[in-house]
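Here's the structure we're looking at; comments come further down.
The values are calculated or read from the model by the stated rules, or taken from the named source; none is laboratory data. Predicted, not measured: the structure shown is a model, and the values here were computed from it. We work out accessible area using only protein heavy atoms, side chains counted, and drop any ligands, DNA or RNA first. Shrake-Rupley method; radii C 1.70, N 1.55, O 1.52, S 1.80 Å.
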Amino acid sequence: MTPDVGLAPSGPHRWEDFLSLDDDDRRELIDGHFLEIEVPNEFHEWIVTWLVTNLTVWAHPR
């Protein structure tokens, strides 16, 4: 679920406001403002795994 940032006033917010957010709300409280964080998707995770595997195979013999 993508939170609707427009539901909350722009701030400044307090720690109590952050704690009252739903558990599935993907925002962080930074300097009194709610900022949406990006969550990696499955394709991103696959690319990271592929890169780590190939770099390990390349670096191990060296």
> What about V48, is it open to solvent by less than 100 Å² (accessible area, probe 1.4 Å) and either modelled with pLDDT of 90 or more or charged (D, E, K, R) (or both)?
Replying inline: yes
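Limited to region 7-23, what total is found for residues that are in a loop (DSSP other than H, G, I, E, B) and open to solvent by 70 Å² or more (accessible area, probe 1.4 Å)?
7
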